[in-house]
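Everything below concerns the one structure shown next.
The values are calculated or read from the model by the stated rules, or taken from the named source; none is laboratory data. Given the structure is predicted, the values throughout are model-derived calculations rather than measurements. Note that we place each Cβ from the backbone using ideal geometry, even for glycine, and neighbour counts take in every protein chain shown.
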Amino acid sequence: MTGPGESYLRWVTKIIAIMFASFHFYTGAFGLFPHMQQRAIHMMFGLVLTFLVTKSTGRREKGELIKPWDIVFIIMSILGCVTVYLKYITYLSFMGESTRWDIFMGITTTILIIEAGRRTVGWIFPIITISMICYALFGFFIPGKWGHGGFRLEYIIQTLYQTDKGIFGPITGVSASLIAMFIIFGVIITFSGGGETFKDIAMILAGRFRGGPAMAAVLASAFFGTVSGSAVANTATTGNFTIPLMKRLGYSPEFAGGVEAAASTGGQIMPPIRASGAFVMAELLGLPYLTICIAALVPALLYFLCMFSSIWFEAIKVDLPRVPEDEIPRIQTVVTWARLAPLVIPFCTLIVFLAMGYTPYRSCFYAICLSVTIYVLRDFRLKQILHRIKNMINASEKGAIALIDIAALCACAQIFVSLLFLTGLGGKFSEAFLALSGTNLPVALVFSALVALILGMGMPSVAAYILAISVIGPSLILIGIPPLNAHFFVFYFAIISATTPPVCVAAFTAAVIAQTSWIKVAWVAMRIAVVKYFMPFLFVLAPVFLLQGKILEIVIGISSATFGIVIITSSLMGFLHIRHTLVSRTLFFIGGLALFYPDPKTDVIGLLIAGLGFLELRVGLCRKAFGIINSVLISKPKRF
């Protein structure tokens, strides 16, 4: 039984969530509001929902009533955002002028956003945001070039609250348009049966192969990861299905957890959605969304090729089983109009409208409309139609609630970025970066990779990318790296921090589900997707993987990289057709790296080295050569 208070809260939450989704459907159909108004309404719904569904210590439990202070937070959130909605023209026309009410609401809204970020994505990013505010206020206490003259609280709040460069700036704008629509789209696809269909297709495609359960887990996690926007959320969602399946069929807990963590992380780099990173990148670079997706395709495919080949070699080496035949769905039950239409047609619609030049926001709106129509009208019985309409309403609610994490996160990120440039800290970091690396490009890239990995630790994907690109992106561009290449470089290293120790949150989550050591899970996740650690360097040094260059160069580069990945994974898994020796393993790894670099000279060198490794594996070439040399050196000369 539910009490009247609980029932009331549930219905209020449901109505507000549906209003939130409906707002985005409306603007998708009729066009966005003026940018500060659009962002203010989005943030108002996001904050209100956050304080409805979360409490000070996490998500609100079922049956738990809302606290009085959360009601106050909700009221103040509405007042703060409605003030911006009503006065945005005044704010933009008379910058630097504010009333006491403006300053009060600015301070309150900033605090509420930080608190919403703490409740939804944890302590790390809000602490970084608070630190940046403190730096803006008290930077004059810091001696030397890292200090500054200081800013009055009133001026900081005016910048954050009353301009389109503060809280309601472009990063929040991406959340209030593209990310919101695509997250709702992903939830609707799942509710309409597309998610289950994809899992069944993954099982049909991969289940009968050696390592089939792990390969199916990779496919499923890649699909959900590109929509979810969080490697951790994806690991927790699909991992509860894939990890127990792999363990039940004989996979070690650490291997099952490592596969899931690596696949969930890889979903963040897979087009078309790329965990919402594609939208933020397109906004920051001023490039079409489709351009970002096209550039991202080859690196993502190479990443998953690395995973599939690693799983294949490991499966043969330790004789991992296939999925039992009775657990693989029948293709006749999956490849039907009713099962495929809710998945295939909306995605095809999205791609067609993007190719025709429509905005991503409008294209996604049309895809959602078609998805809902197909789902609702696939059975014309009135009872079934009403049931499916109810499901779509529930999907809209779930999609809106899923937005609260990204809304608070993007707003916190916007505060950080705004103050980073207001205080000049970004420029100072660039100067220090150039002083440390000079004009040495490899040193600069290694340093940037380490910084991006550190900044991304424990962070959601989009936040990790925004933070890292804000700090080191300008420095990379200053030393001559094209902006698109620099952004891809930073994005990859910020994302893969989720499986890189010491703070590898996706590995932590997978280890809990698999009930094993997180260190072992992280090691497997690093090993089976090792390409992620050196491919970003080639975005800068040899950018054919981003489809930059002549067509022949691109084709040759991708072909040699494909061969190189297979050789590298064979080395790391320690198996080809038989187990590797230490010598053959080393030769394969070096040869694979040389092949991965897209250059004819390194390709020839790589083939020769890998060929020596194959001969060593096949006939013990190096051992025989060493034996001959050794026998010559120690043999005694004959006496005559």
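Would you tally the residues in segment 31-44 being within 17 Å of Met105 (Cα to Cα) and more than 24 Å from the chain's Cα centre (by Cα)?
Residues flagged as within 17 Å of Met105 (Cα to Cα) and more than 24 Å from the chain's Cα centre (by Cα) within segment 31-44 amount to 5.
Residue by residue, here is whether (1) more than 30 Å from Gly106 (Cα to Cα); (2) outside any loop (DSSP other than H, G, I, E, B); (3) at pLDDT below 75 holds:
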position: Ile167; (1), (2), (3): no, no, no
position: Leu178; (1), (2), (3): no, yes, no
position: Ile189; (1), (2), (3): yes, yes, no
position: Ala217; (1), (2), (3): yes, yes, no
position: Ala233; (1), (2), (3): yes, yes, yes
position: Phe241; (1), (2), (3): yes, yes, yes
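Mind checking which helices (runs of 4 or more DSSP H) fall wholly inside segment 519-611 and carry at least 2 residues that are β-branched (Val, Ile, Thr), at pLDDT 90 or above and under 23 Å from Leu301 (Cβ atoms)?
Filter on segment 519-611 gives 551-573.
Does segment 27-66 hold any residues that are part of a loop (DSSP other than H, G, I, E, B), at pLDDT below 90 and either of a type outside the set (Ser, Thr, Tyr) or touching a His at 6+ places or on another chain (Cβ under 8 Å) (or both), and which are they?
Gly31, Leu32, Arg60, Glu61, Lys62, Gly63, Glu64, Leu65, Ile66 - these are the residues of segment 27-66 that are part of a loop (DSSP other than H, G, I, E, B), at pLDDT below 90 and either of a type outside the set (Ser, Thr, Tyr) or touching a His at 6+ places or on another chain (Cβ under 8 Å) (or both).
Anything in segment 550-570 that is over 28 Å from the mean Cα position of the chain (by Cα) and buried (at least 16 other Cβ atoms within 10 Å of the Cβ)? List them, or say none.
Once the filter is applied, which keeps residues that are over 28 Å from the mean Cα position of the chain (by Cα) and buried (at least 16 other Cβ atoms within 10 Å of the Cβ), segment 550-570 yields only Ile556.
Looking at Gly149, Gly96, which one is in contact (Cβ under 8 Å) with a residue 60 or more places away in the chain, surrounded by fewer than 14 Cβ atoms within 10 Å (Cβ to Cβ) and in a loop (DSSP other than H, G, I, E, B)?
Gly96
Looking at segment 451-467, can you tell me whether even one residue there is under 26 Å from Lys145 (Cβ atoms) and either modelled with pLDDT of 85 or more or out of contact with any helix residue (DSSP H, G or I) (no Cβ under 8 Å at 6 or more places or on another chain) (or both)?
no
When you go through Leu547, Leu576, Leu538 one by one, which is the residue that is closer than 24 Å to Ala444 by Cα, surrounded by 20 or more Cβ atoms within 10 Å (Cβ to Cβ) and in contact (Cβ under 8 Å) with a residue 60 or more places away in the chain?
Result: Leu538 is the single residue among Leu547, Leu576, Leu538 that is closer than 24 Å to Ala444 by Cα, surrounded by 20 or more Cβ atoms within 10 Å (Cβ to Cβ) and in contact (Cβ under 8 Å) with a residue 60 or more places away in the chain.
Conditions tested, residue by residue: (1) buried (at least 17 other Cβ atoms within 10 Å of the Cβ); (2) under 30 Å from Ser371 (Cβ atoms); (3) assigned by TED's automatic domain parsing to the domain that holds Leu160.
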| position | (1), (2), (3) |
| --- | --- |
| Arg39 | yes, yes, yes |
| Met43 | yes, yes, yes |
| Leu65 | no, no, yes |
| Pro68 | no, no, yes |
| Val72 | no, no, yes |
| Tyr85 | yes, no, yes |
| Glu115 | yes, no, yes |
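Within segment 271-288, take every residue that is at pLDDT 80 or above and crowded, with 24+ Cβ neighbours inside 10 Å and give me the one that is farthest from Ala180 (Cα to Cα).
Ranking the candidates gives Met281 first.
What about Met105, is it closer than 24 Å to Met44 by Cα, touching a Gly at 6+ places or on another chain (Cβ under 9 Å) and buried (at least 19 other Cβ atoms within 10 Å of the Cβ)?
The answer is yes for Met105.
Since Ala444 meets every condition but one in (1) in contact (Cβ under 8 Å) with a residue 12 or more places away in the chain; (2) more than 25 Å from the chain's Cα centre (by Cα); (3) over 27 Å from Ser177 (Cα atoms), which condition does it not meet?
Of the numbered conditions (1) in contact (Cβ under 8 Å) with a residue 12 or more places away in the chain; (2) more than 25 Å from the chain's Cα centre (by Cα); (3) over 27 Å from Ser177 (Cα atoms), the odd one out for Ala444 is (2).
Return the total of residues in segment 154-168 being crowded, with 23+ Cβ neighbours inside 10 Å and either of a type in the set (Gly, Ala, Ser) or farther than 18 Å from Leu112 by Cα (or both).
Going through segment 154-168 one residue at a time, the tally reaches 1.
When segment 543-575 is examined, which residues are found to be under 15 Å from Ile609 (Cβ atoms) and in contact with a Leu (Cβ under 6 Å, 6 or more places away or on another chain)?
Passing the criteria: Ser560, Phe563, Gly564, Ser570.
Please pick out the residue among Ala116, Ala136 that is within 24 Å of the chain's Cα centre (by Cα), part of a helix (DSSP H, G or I) and closer than 30 Å to Leu455 by Cβ.
Ala116
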